[in-house]
Amino acid sequence: MWGPNVSFGSPAYLFLLLVVPLVVFWYLRRHRAATTDIRFSTLEAFASVKPTLKETLRHVPFALRMLAIVVLVIALARPQSTSRGENVYTEGIDIALLLDISGSMLAEDFQPNRIQAAKEVALKFVDGRTHDRIGLVVFAGQSFTQCPMTLDYRVLKNLLRQVKPGMVEDGTAIGMAIAQGVNRLKDSKAKSRVMILLTDGVNNRGEIDPVTAAQIAQTYDLRIYTIGVGTIGEAPYPVQTPWGVRYQNVPVDVDEKTLQKIAELTGGQYFRATSNRALQQIYEEIDELEKTRIEVTTYRSVAELFYPWAALGLALLLAEFLLRGTYLRKGP
């Protein structure tokens, strides 16, 4: 429970330990005042009288209580184990995820559908990163930042789970999504800055053409990996009717030529995903391509150690209570 790298999260509580010697002093004074002195000319008559076990243990409950107070005060001060390091080499880049949330992403050529499959793979991708700042841009007829660049992956994943078609007007504004990604990354100081653009359609909305947006990204040395989502041919799409949900096959129309051009301009790569497994493999490949060694000068991790101290303090109080209530109980 103790070591060379232990500190306290709330050290002010340690001042409570000053009360312990005062209580001990008061206890000894009270015990001495309760003792009556009787004078004898000789003590030979008492030489053979030995104190009972109960008399020997009469101060043990008080000692247990004092020890319990000391231990519980230490627990209140929150002892913590800290570890530090320097010059640790690790992976780290800035990544903007650009996710299409247009209505066509509800097509069910992926399980359970395109948007859910894309979210699940993106969540696994985030789980595989450690020191990378990641942001999330979503787009349909418009684009907006769902999560700014962050290292708080818990918040990022919660916001990613909330994404669904219908959050903005329908359409596919690929150029606007890239422009939004440029705004997220252009001021970054990271050695590697990338976008992962996932879409299942053709740009049909927005004021910025996708290739023009890619050229802007190129001027900032931003790399874009593009992913076209959808099977070859047709895909089942759910349609709401007065008789419930019906499915109709719709053509899969991925603008592969434009996506390839975007990737080429920025030094990225284009991928076509036709299944859940293929999409997972694409993210794994991008993950390997984009691992850049950077030097983290310092790190500090903290582990709370007060739990065993609190448990020990409660155990000491329980031992005192049992002794006072059983073997050392006063009275008949």
Exercise for the section: Looking only at segment 200-232, count how many residues are in a strand (DSSP E or B) and either small (Gly, Ala, Ser) or over 34 Å from the mean Cα position of the chain (by Cα) (or both). Expected result: 1
Practice task
Would you be able to tell me the number of residues in segment 258-273 that are of a type in the set (Lys, Arg) and under 18 Å from Gln218 (Cα atoms)?
Solution key: 1
Problem - So Gln180, is it over 30 Å from Trp309 (Cα atoms) and not aromatic (Phe, Trp, Tyr) - result: yes
Practice task
Specify which of the listed residues (Arg133, Arg161) is surrounded by 15 or more Cβ atoms within 10 Å (Cβ to Cβ), among the charged types (D, E, K, R) and either touching a residue at least 40 places away in the same chain (Cβ under 8 Å) or touching a Cys at 6+ places or on another chain (Cβ under 7 Å) (or both).
Solution key: Arg133
Problem - Close pairs from segment 212-230: first within 18 Å of Lys257 (Cα to Cα), partner charged (D, E, K, R) and surrounded by fewer than 21 Cβ atoms within 10 Å (Cβ to Cβ), Cβ under 6 Å, at least 6 apart - result: Gly228/Glu256; Gly228/Arg272
Handout entry: segment 114-130 - residue that is assigned to a loop (DSSP other than H, G, I, E, B) and touching a strand residue (DSSP E or B) at 6+ places or on another chain (Cβ under 8 Å) and, of those, modelled with the highest pLDDT
Key = Arg129
Exercise for the section: Please enumerate the residues belonging to segment 166-190 that are polar (S, T, N, Q) and either outside any helix (DSSP H, G or I) or over 28 Å from the mean Cα position of the chain (by Cα) (or both). Expected result: Thr172, Ser188
Practice task
Looking at (1) touching a Gly at 6+ places or on another chain (Cβ under 9 Å); (2) among the basic types (Lys, Arg); (3) surrounded by fewer than 15 Cβ atoms within 10 Å (Cβ to Cβ), find the lone condition where Arg205 falls short.
Solution key: (3)
Completion exercise
When every residue in segment 251-290 that is in contact with a strand residue (DSSP E or B) (Cβ under 6 Å, 6 or more places away or on another chain) and surrounded by fewer than 15 Cβ atoms within 10 Å (Cβ to Cβ) is compared, the one farthest from Ala235 (Cα to Cα) is Gly267
Exercise for the section: Taking Lys189 as meeting all but one of (1) under 15 Å from Leu136 (Cβ atoms); (2) touching an Asp or Glu at 6+ places or on another chain (Cβ under 9 Å); (3) surrounded by fewer than 20 Cβ atoms within 10 Å (Cβ to Cβ), write down the number of the exception. Expected result: (1)
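The values are calculated or read from the model by the stated rules, or taken from the named source; none is laboratory data. Being a predicted model, the structure only gives us computed values, none of them experimental. Reconstructed Cβ throughout: ideal geometry from the backbone, glycine too, with neighbour counts over all protein chains shown.
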